[in-house]
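Peer 1: Take a look at the following structure, please.
Derivation of every value follows stated rules applied to the coordinates shown; laboratory data play no part. Note that the coordinates shown come from a computational prediction; the quantities given were computed from them, not determined experimentally. When we count neighbours, we look across all protein chains shown, and the Cβ atoms used for this are built from the backbone with ideal geometry, even at glycine.
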Amino acid sequence: MIIKEVKMAVTKAQIEEDLKNSGDFVKIDHLNRFLKQADSLDVRKFILLKLAEINTGKGFYPDAARNIDSAADISLTYKEKMELYMREAELYIKIGQFNIADAILKKALVQGNTKEQAEAKSKYIQIYYKEAQEQEKALRNRKAVEYYEAIYYNLSGNDEEKAKMKSKLLDLYNKLGRIRDYSRLSGR
């Protein structure tokens, strides 16, 4: 006699109920189990985004980025895909993996029209700038320099933004005693 295992469809309500009053690591474990049981794209995306939210809260940015990437891959609309890819790029920027973030940006730009692409590029620069400011406030000037350099050298912006980044970089180079970089950038 062959016994077949009946696979029960899992719903968002069941997942929410199961996650109540649980710790983050228990939630991650349960969500991973539910992910294996999920049979609809909507539920899978819901689980992946919940996992990303918890991982982000715990500071597990690479795991959160992978979850968001998987959710973006199964998303149906271009707008949603673009938004999710931008969230993924933001996480890679937070951990300083700029090349991966740039590749994710390209994936996001493919999803939108010209206007949406311009907005995404602007938002991308703002993510870098925000992170640079946070590093600077936390007195991690070397990390702040990395972010400002990424904006100044790699990202295209208007001349006013470039001048602003140049000023920030010169100030930080001076603080860090990076005389060569200061001289090179200032043109002396």
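Peer 1: Please compute the modelled spin-label separation between Lys121 and Ala163, points set 7 Å along Cα→Cβ, answer in nm with one decimal.
Peer 2: The modelled label-to-label distance comes out at 2.1 nm.
Peer 1: Taking segment 113-188 as the region of interest, what is the percent of Cα-Cα pairs per 5 angstrom bin, listed from the shortest bin to the one with the maximum distance?
Peer 2: 3, 16, 26, 24, 16, 8, 4, 3, 1
Peer 1: Can you give the relative contact order of the chain as a percent, counting alpha carbon pairs under 8 Å and 6+ residues apart?
Peer 2: After rounding, I find 11 percent.
Peer 1: Ok, one more. Between Leu76 and Val26, what FRET efficiency comes out of the Förster formula 1/(1 + (r/R0)^6) with R0 = 22 Å and r the beta carbon distance, rounded to 0.05?
Peer 2: That gives a FRET efficiency of 0.10.
Peer 1: Could you work out the percent of alpha carbon pairs in the chain separated by over 19 Å, rounded to a whole number?
Peer 2: The share of Cα pairs beyond 19 Å in the chain comes to 66 percent.
Peer 1: What's the FRET efficiency of Lys36 with Glu134 using the Cβ-Cβ distance as r and R₀ = 41 Å, to the nearest 0.05? Each step should come with its number before you reach the end.
Peer 2: Working: r = 37 Å, r/R0 = 0.89.
Taking R0 as 41 Å, the efficiency between Lys36 and Glu134 is 0.65.
Peer 1: Still on this structure, please answer the following. For the pairs Lys107/Lys143; Lys27/Lys115; Lys121/Lys143; Lys81/Lys130; Lys50/Lys121; Lys12/Lys143, note any where the Cα-Cα span goes beyond 31 Å. Display every interim value, and only then the final one.
Peer 2: Details: Lys107/Lys143 26 Å; Lys27/Lys115 39 Å; Lys121/Lys143 22 Å; Lys81/Lys130 23 Å; Lys50/Lys121 26 Å; Lys12/Lys143 40 Å.
Going by Cα-Cα distance, Lys27/Lys115; Lys12/Lys143 fall outside the 31 Å limit.
Peer 1: For a quick check: sort Ser183, Ser75 by the number of other beta carbons within 10 angstrom, fewest at the front.
Peer 2: Ser183, Ser75
Peer 1: Pick from Asp42, Asp73, Asp18 the residue whose mean-square fluctuation is largest in a GNM of the chain, springs joining Cα atoms under 10 Å.
Peer 2: Ranking Asp42, Asp73, Asp18 by mean-square fluctuation puts Asp18 first.
Peer 1: Using a 10 Å cut-off around each Cβ, can you sort Thr11, Thr77 from fewest to most neighbouring Cβ atoms?
Peer 2: In increasing order of surrounding Cβ atoms, one gets Thr77, Thr11.
Peer 1: Shifting gears a bit: Students often get this wrong: which residues of segment 87-102 have the backbone nitrogen under 19 Å from the point 7 angstrom along Cα-to-C-beta of Lys143?
Peer 2: Backbone N within reach: 88-102.
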